[in-house]
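A short write-up of the structure that comes next.
The values are calculated or read from the model by the stated rules, or taken from the named source; none is laboratory data. These figures come from a predicted structure and were not determined experimentally. Here the Cβ positions follow ideal geometry from the backbone for every residue, glycine too, while neighbour counts run over all protein chains shown.
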Amino acid sequence: MLSVSDLSCIRGERRLFSGLGFDLAPGEWLHVQGENGSGKTTLLRALVGLSPPAEGEIIWRGEPTHRLGEDYRREMLYLGHHGAVKEELTPLENLKLAAALDGRSLDDREAMAALHRFGLKGREELPVRFLSAGQKRRVLLARLVTRNAVLWVLDEPFTALDVKAVDMLSALIGEHLADGGLAVLTSHQPMPIPGGKVARL
Amino acid sequence: MSAFLAIIRRDLLLAMRRKSEVLTALFFFIIVVSLFPLGIGPEPQLLKKIAPGILWVAALLSTMLSLNRLFATDHADGTLEQLVLSPTPLGLLVAGKIVAHWLTSGLPLVLLAPVLGVQFDLDASALGILVGALLLGTPLLSLIGAIGAALTLGVRGGGVLLSLLVLPLYVPALIFGAGAVEAHISGLGATGHLSLLAALLALAAFFAPWATTAALRVSLE
């Protein structure tokens with residue numbers, strides 16, 4: 001479903017990687033590994049279309065992603081290592097507005113359920129700036145539940161999460177894969193999710 | 001369309017939670033405009049002559065103050081990336097952000113201008129023309145400014161660069177906007193100036209969101 005061939009990325013003067021290729025079928029996930037500065041984030045940004053690769057093609061359902069445009073972005077969710085939540089808004093507002101900007105309507109019940117799943121019960125109406133780093137991360141990750149994307153592209157999703165949240169997120173990714181979803185993750189830790197492919201940069 | 005309204009609602013909500021930023025630009029406008037009559041002294045003829053120019057220059061500078069944060073905060077916290085990757089066309093979201101910017105920084109100036117204009121001994125009909133010109137001109141300032149804000153996004157010292165880039169482009173708005181009130185006072189009629197201002201606005205409303213979108217994509221790469 002997602003097929004990448006002969007990808008190379010250049011950052012400034014430096015060639016980060018070249019000739020990278022992989023195929024992902026529904027239910028499969030890719031673990032992108034590599035040292036700091038080896039180009040993991042650059043690879044993910046190229047995959048989602050934020051910075052076009054120097055060479056190579058990214059094919060989604062048989063079509064190059066840059067030609068699919070909105071159709072690709074509707075099925076794809078990228079969560080980078082930025083917070084990407086508004087500090088002044090509450091978790092509930094953040095989640096509902098993020099959905100509205102994507103052109104989806106999200107009712108309170110669904111949004112609450114997603115936040116509760118991420119252990120934010122009782123914090124729904126508190127401005128995000130009063131939350132801890134791990135809780136902010138959970139607010140962002142709650143979008144995984146509400147967005148209904150097929151391809152998840154997650155940059156260091158386990159950063160700042162406690163043991164319980166790591167287990168919960170792993171279970172969530174497992175469910176997503178079992179439902180025929182795809183995932184591309186970067187992480188320095190060994191991943192507690194079975195059946196992944198590995199790309200070393 | 002719902003995404004367009006959602007981004008306006010989001011930016012207005014954020015402006016309400018961060019009132020100080022909006023109020024700073026507004027107080028700047030009030031203070032600059034109010035200092036001139038105090039500095040120049042009670043000469044009604046002179047004040048009347050310089051009033052449109054001062055109000056317009058203050059409006060330009062006040063808009064400049066608020067332009068920096070149009071995309072910068074979204075860029076810093078990563079929400080801009082999410083907007084770019086949203087299935088909603090980026091042009092629509094950018095247009096929404098520009099509308100929200102005008103509602104928080106342009107519209108208050110339009111509403112305040114007649115009150116401040118009284119200090120310059122402008123009569124009711126001249127104040128009416130002033131409000132009309134600002135109503136056409138301030139959206140133009142937001143639209144042109146958005147292109148500059150997108151181009152200077154993430155650049156160190158972007159604030160200075162933004163002024164250098166945008167202020168020259170504001171000159172037509174300044175000339176026709178201030179000219180409309182002057183023409184009315186001198187009895188020539190303001191229709192010509194206002195029509196040109198409206199034409200500029202139509203042109204910018206069409207091109208600016210598109211140009212801003214292109215500039216944002218380049219800045220984010």
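Just so you know, in the stretch A:159-195 the residues that are closer than 20 Å to A:THR42 by Cβ and touching a helix residue (DSSP H, G or I) at 6+ places or on another chain (Cβ under 8 Å) include one that is surrounded by the fewest Cβ atoms within 10 Å (Cβ to Cβ), and it is A:THR159. Within the stretch A:92-136, if we keep just the residues that are of a type in the set (D, E, K, R) and farther than 24 Å from B:LEU5 by Cα, the residue that is farthest from the other protein chains (Cβ to nearest Cβ) turns out to be A:LYS121.
So which of A:GLY49, A:GLY83 is closer than 16 Å to B:GLU81 by Cα, at pLDDT below 85 and within 11 Å of another protein chain (Cβ to nearest Cβ)?
Values: A:GLY49 fails: at pLDDT below 85.
After ruling out the rest, the residue left standing is A:GLY83.
Scanning the stretch B:105-126 for residues that are part of a helix (DSSP H, G or I), of a type outside the set (Phe, Trp, Tyr) and surrounded by 20 or more Cβ atoms within 10 Å (Cβ to Cβ) yields B:SER105, B:GLY106, B:LEU109, B:VAL110, B:ALA113, B:LEU116, B:GLY117, B:ALA126. Residue check: A:PHE17 meets all listed conditions (1) farther than 18 Å from A:ALA183 by Cα; (2) within 11 Å of chain B (Cβ to nearest Cβ); (3) buried (at least 19 other Cβ atoms within 10 Å of the Cβ) but one, namely (2).
Just one of B:LEU200, B:LEU153, B:LEU161 is touching a Leu at 6+ places or on another chain (Cβ under 8 Å), assigned to a helix (DSSP H, G or I) and either in contact (Cβ under 8 Å) with a residue 40 or more places away in the chain or not small (Gly, Ala, Ser) (or both); which is it?
Working: B:LEU153 fails: assigned to a helix (DSSP H, G or I); B:LEU161 fails: touching a Leu at 6+ places or on another chain (Cβ under 8 Å).
Going through B:LEU200, B:LEU153, B:LEU161 in turn, just one is touching a Leu at 6+ places or on another chain (Cβ under 8 Å), assigned to a helix (DSSP H, G or I) and either in contact (Cβ under 8 Å) with a residue 40 or more places away in the chain or not small (Gly, Ala, Ser) (or both): B:LEU200.
Within the set B:PRO139, B:PRO52, the sole residue that is closer than 18 Å to B:ILE175 by Cβ, at pLDDT 95 or above, of a type outside the set (Asp, Glu) and buried (at least 21 other Cβ atoms within 10 Å of the Cβ) turns out to be B:PRO139. Screening A:ASP71 on (1) within 9 Å of another protein chain (Cβ to nearest Cβ); (2) over 15 Å from B:GLN82 (Cβ atoms); (3) in contact with a helix residue (DSSP H, G or I) (Cβ under 7 Å, 6 or more places away or on another chain) shows it passes everything except condition (3).
Considered as a group, the residues in the stretch B:5-29 that are within 16 Å of B:LEU116 (Cα to Cα) and crowded, with 16+ Cβ neighbours inside 10 Å include one that is farthest from the other protein chains (Cβ to nearest Cβ), and that residue is B:PHE29.
Checking the condition touching a residue at least 24 places away in the same chain (Cβ under 8 Å) and facing another protein chain (nearest Cβ under 9 Å), which residue from B:LEU93, B:LEU70, B:LEU112 passes? Give the steps one after another, and end with the answer.
On the way: B:LEU70 fails: facing another protein chain (nearest Cβ under 9 Å); B:LEU112 fails: facing another protein chain (nearest Cβ under 9 Å).
After ruling out the rest, the residue left standing is B:LEU93.
Of all positions in the stretch B:37-49, at least one carries a residue that is surrounded by fewer than 20 Cβ atoms within 10 Å (Cβ to Cβ), of a type in the set (D, E, K, R) and within 16 Å of B:LEU116 (Cα to Cα). Determine if the stretch A:14-33 includes at least one residue that is closer than 30 Å to A:MET112 by Cβ and either among the hydroxyl-bearing types (Ser, Thr, Tyr) or touching a strand residue (DSSP E or B) at 6+ places or on another chain (Cβ under 6 Å) (or both). Within the stretch A:14-33 (the criterion being closer than 30 Å to A:MET112 by Cβ and either among the hydroxyl-bearing types (Ser, Thr, Tyr) or touching a strand residue (DSSP E or B) at 6+ places or on another chain (Cβ under 6 Å) (or both)), the answer is yes, since at least one residue qualifies. Confirm whether B:THR88 is closer than 22 Å to B:VAL155 by Cβ, buried (at least 20 other Cβ atoms within 10 Å of the Cβ), within 14 Å of another protein chain (Cβ to nearest Cβ) and not hydrophobic (A, V, I, L, M, F, W, C). It is false that B:THR88 is closer than 22 Å to B:VAL155 by Cβ, buried (at least 20 other Cβ atoms within 10 Å of the Cβ), within 14 Å of another protein chain (Cβ to nearest Cβ) and not hydrophobic (A, V, I, L, M, F, W, C). The residue list A:LEU43, A:LEU106, A:LEU68 contains one member that is in contact with a Phe, Trp or Tyr (Cβ under 9 Å, 6 or more places away or on another chain), surrounded by fewer than 22 Cβ atoms within 10 Å (Cβ to Cβ) and of a type in the set (A, V, I, L, M), which is A:LEU68. Restricted to the stretch A:110-131, and to residues there that are at pLDDT below 90 and exposed (fewer than 12 other Cβ atoms within 10 Å of the Cβ), the residue that is nearest to A:PRO91 (Cα to Cα) is A:GLU125.
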